[in-house]
2 protein chains.
Amino acid sequence: MAIQGNLVVGQSGGPTTVINSSLVGVVRQALAQPEIEGIYGMLHGIRGLLDGEFTDLRQESETTLELLMQTPASALGTVRYKVKPSDYDSIVAVFERYNVRYFFYIGGNDSMDTVYQVSEAAKARGYDLRAVGVPKTIDNDLALTDHCPGFGSAARFVASAIRNTGYDTKAMGDSGPLKLMEVMGRNAGWLTAAAALARQEEGDPPHLIYVPECPVSDEQIANDVKSMYDRYGYCVVAVSEGARRADGTAFAASTGVKDAFGHEVKAGVVETIAQIIEERTGMRARFDKPAYLQRSFAELQSPVDRDEAYRAGVEAVRAAIAGQSGVMITLVREEGPEYRCRTEIGSLANIANAERMLPREYMNKAGNDVTQAFIDYARPLIGGPLLPYARLANHPVPKR
Amino acid sequence: MAIQGNLVVGQSGGPTTVINSSLVGVVRQALAQPEIEGIYGMLHGIRGLLDGEFTDLRQESETTLELLMQTPASALGTVRYKVKPSDYDSIVAVFERYNVRYFFYIGGNDSMDTVYQVSEAAKARGYDLRAVGVPKTIDNDLALTDHCPGFGSAARFVASAIRNTGYDTKAMGDSGPLKLMEVMGRNAGWLTAAAALARQEEGDPPHLIYVPECPVSDEQIANDVKSMYDRYGYCVVAVSEGARRADGTAFAASTGVKDAFGHEVKAGVVETIAQIIEERTGMRARFDKPAYLQRSFAELQSPVDRDEAYRAGVEAVRAAIAGQSGVMITLVREEGPEYRCRTEIGSLANIANAERMLPREYMNKAGNDVTQAFIDYARPLIGGPLLPYARLANHPVPKR
């Protein structure tokens, strides 16, 4: 049974290009529910909640809601704040003070745990609350769901980016045949693996894919790169920022040297791997580090991803109205020749620390490329083919 | 008077997203000229010419030509090769062997000098040749022309990228309020300055712009960043890869330390500036380094840029047919309320080393931002407004 009262919604963790679509889904569905009175946005997530910093979302125009669907980052502001056990008393007190009966949090693993804890805290204090999580992360490492809103658009960006830099690298010929791109994902390789969606023909970049789930040695990297260069005349590599060696050490480790100020000089993953390649092959590797662009490049939104993010917001409100709490909206892929996902409701009771890694069967035996199973999984999520490009048929002119 | 014979066309230097549009312009116009027989593409620029590596462009399909208009990088392959004085004999010999009477080279400063030298070498040897240059560079540092094909699209990418990472940075609030983006352009600040086209309202990123033409001290950078952070709550900076100090030293300089192999650890510009900021303000600065994506991200092509690149190719063929040689097609902006450029023909006699820097009046007095004059100059080149985004009107809910 639905309860009358106010709603709060917040956004948490690293933004995506579709996190606002989930917000719009929540708002639009809330506007349609007579039980819901105030529709309040928490500014900067749980911090805004604790400080009573709310914005009145009922007063936003239809145009704003429409444009938010293609606006990157978190319109409400986001936060990296680990909720402390002692915060829950304050949180429930805020709910009581503002008559908040509906709590929606759009975020990743930590935020989903927060939703569960908030739901439990209210229950323990006898406060009637519906807390529902809306999944969000470009890392795609959330449990319970086939994939996570935010991933498809980031995957589309990464695939486009590696294809573009791949065309550039191939054009350079021997003036610059080695290229690395560092891809986000500290523990899970999903987004790096998505670089494979750039390929259209045999031999297309990326030629190598290194993910945290498949450790590699310096020697393997150098050999892999050399072998791809020998085969194709150039080599483009997608490297996860979390790529690591078999002994567990990250390539992103510090160099162990100090600068003029006595501070340690830190080298990024691609910088370190570029150096390994140069040491061992004598060839210079160039690199791209698109970093935060991967999660904010709204021009490359996947329409599938945007729609699913929106639906997740809508369904979260419906679930709450139906009496659910301590749950998250999940995406469940349906069997069939066409890609289709339905939403379901998953319990958050065991969500804490349930990071979902790239399954081993999505990577090849050598651990340096994806399998067809991964391509089949990920292809529909980027929302249609990339912009069509041409290649010359290249009919040689007879030599004179 | 036109001469009967074959045509060669090549692409040189760093690719752009519209360098193939210029190629298509040359091919389409050549197809319409009865004087022109073979239409040959030099593979990897002047190297392909010297080696007699030509591809028959008459055999490419209409679909390929159409799609090349939106395909990044150099479809013929490019090269970084400084033509030696001794090469000109070989070049003219190739022309004679293949009855080449029309030579088109799509490139930057060095390539335009090559066009001139090739034209002069043919003349000196009494060989009737028409050599015409088609301007290309994302750096926009070519002399003679109002701007250069390739710049507008790269500028559109940089403006979009800084706006996207700016939305992301603002959303993070105090969880990550400082962001740097490294922009290409080793000597000229045009592309870095174009980051300013991201702004729509007062206070929008980029908050600071550092270009090679305006040296800055470590102290100024730290003070600038601190002051913008104090004013806006976050700070996004566009930094040229060629940014330098007043004494001429580049921020990109090596760290002066050695790694385990005894090799010098090199730090990029943004890494160095991030460190300077951290040393002096105690705040961590994050960064993006989109590198080669700036010149290859065809999804962000400027339609104005693409059209001008195409027209430059067309006009190069027309100029050659009309008897011109040792010249380059230039873009000349016309007076009037609407943006319009016509093409003209410029002599390449003095093009060598004529790099065009960002004029001082396009930067403010402090040397850390552009002026309105630059905005007026650059705005039309990116081909229309960026994707519309929303911001919340943000009506605060009264505190309880």
Quiz item: What is the fewest-to-most order of A:241, B:120 by other Cβ atoms lying within 10 Å of their Cβ?
Solution: B:120, A:241
Quiz item: Taking the Cα centre of the protein assembly as shown as the origin, how large is its charge dipole in debye, to the nearest 20, when only Lys and Arg (+1) and Asp and Glu (-1) carry charge on their Cβ atoms?
Solution: 100
Exercise. Count the DSSP beta bridges whose two residues both fall in the protein assembly as shown, then state the antiparallel fraction as a percent rounded to the nearest 5.
Key: 35
Quiz prompt | Coil-residue trypsin sites (Lys or Arg not before Pro) of segment A:42-145, DSSP, other Cβ within 10 Å capped at 12 | solution = A:82
Quiz prompt | Rg/Rg_ref, segment A:22-119, where Rg_ref = 2.2 N^0.38 Å and atoms are Cα | solution = 1.08
Practice problem: Among DSSP beta bridges whose residues both lie in chain B, state the antiparallel percentage, nearest 5. | Solution: 30
Quiz item: Okay, helix-only estimate at 222 nm for the protein assembly as shown: each DSSP H run of n ≥ 4 adds -39500 (n - 2.57), divide by all residues, round to 500 deg cm²/dmol; what do you get?
Solution: -10500 deg cm²/dmol
Quiz item: Separation of segment A:1-64 and segment A:165-190 by C-alpha centroid, Å?
Solution: 39
Exercise. Along each of the three principal axes of the Cα atoms of segment A:99-152, give the extent in whole Å, ordering the values from largest to smallest.
Key: 39, 17, 15
Practice problem: Please determine, in degrees from 0 to 90 and to the nearest 10, the orientation of helix A:109-124 with respect to the longest principal axis defined by the Cα atoms of chain A, where the helix direction is its Cα long axis. | Solution: 20
Self-check item: Greater than 30 Å apart at Cα, pairs in B:289/B:399; A:82/B:179; B:136/B:289; A:226/B:179
Solution: B:289/B:399; A:226/B:179
Quiz prompt | Pair-distance profile P(r), taking every C-alpha pair of chain B, with 20 angstrom steps and integer % | solution = 27, 49, 21, 2, 0
Practice problem: Before anything else, pin down the relative contact order of chain B: Cα pairs under 8 Å, at least 6 apart, normalised by residue count, whole percent. | Solution: 21
Self-check item: Cα point-scatterer Debye curve for segment A:149-242, base-10 log of I(q)/I(0) at q = 0.23 Å⁻¹
Solution: -1.17
Quiz item: By what distance, in whole Å, do the Cα atoms of the protein assembly as shown stretch along each of the three principal axes, largest value first?
Solution: 98, 58, 55
Quiz item: How far is residue A:232 from the same spot in each other copy, in nm, shortest first, if each label point sits 7 Å from Cα toward Cβ?
Solution: 3.9
Quiz item: If you average 1/r over all unlike Cα pairs in segment B:246-400 and invert the result, what Kirkwood radius do you get in angstrom?
Solution: 21.3
Quiz item: In segment B:275-327, which trypsin sites (Lys or Arg not before Pro) are in a loop and have at most 14 other Cβ atoms within 10 Å, using DSSP for the loop call?
Solution: B:284
Exercise. Pull up the DSSP beta bridges for segment A:139-260 and report the antiparallel fraction as a percent, rounded to 5.
Key: 10
Quiz item: In peptide A:35-45, what is the residue-averaged number of other protein chain Cβ atoms found within 10 Å of each Cβ?
Solution: 2
Self-check item: Inter-copy separations for residue B:215, label at 7 Å along Cα-Cβ, nm, ascending
Solution: 4.8
Quiz item: Can you pull out the trypsin sites (Lys or Arg not before Pro) in segment B:160-220 that DSSP calls coil and that have at most 15 other Cβ atoms within 10 Å?
Solution: B:186
Exercise. Could you size up the charge dipole of chain B around its Cα centre, putting +1 on the beta carbon of Lys and Arg and -1 on that of Asp and Glu, and report it in debye to the nearest 20?
Key: 580
Self-check item: Shielding score for A:169-182, defined as the mean number of other chain Cβ atoms within 10 Å
Solution: 5
Quiz item: Lys/Arg Cβ at +1, Asp/Glu Cβ at -1, dipole of chain B taken about the Cα centre: which of B:325, B:196, B:54 is farthest positive-ward?
Solution: B:196
Self-check item: Semi-axis lengths (Å, descending) of the ellipsoid that matches the C-alpha gyration tensor of segment A:176-326
Solution: 35, 21, 14
Quiz item: By counting other Cβ atoms within 10 Å of each Cβ, how are A:343, A:17 ranked from fewest to most?
Solution: A:343, A:17
Quiz prompt | For A:61, A:90, B:12, B:86, order by how many other beta-carbon atoms lie within 10 Å, fewest first | solution = B:86, A:61, A:90, B:12
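Throughout, read-outs are computed from the coordinates displayed, never taken from laboratory work. Predicted model only: the values in this text are computed from it and were never measured. FYI the Cβ positions are ideal-geometry reconstructions off the backbone, even for glycines, and counts take in every protein chain you see.
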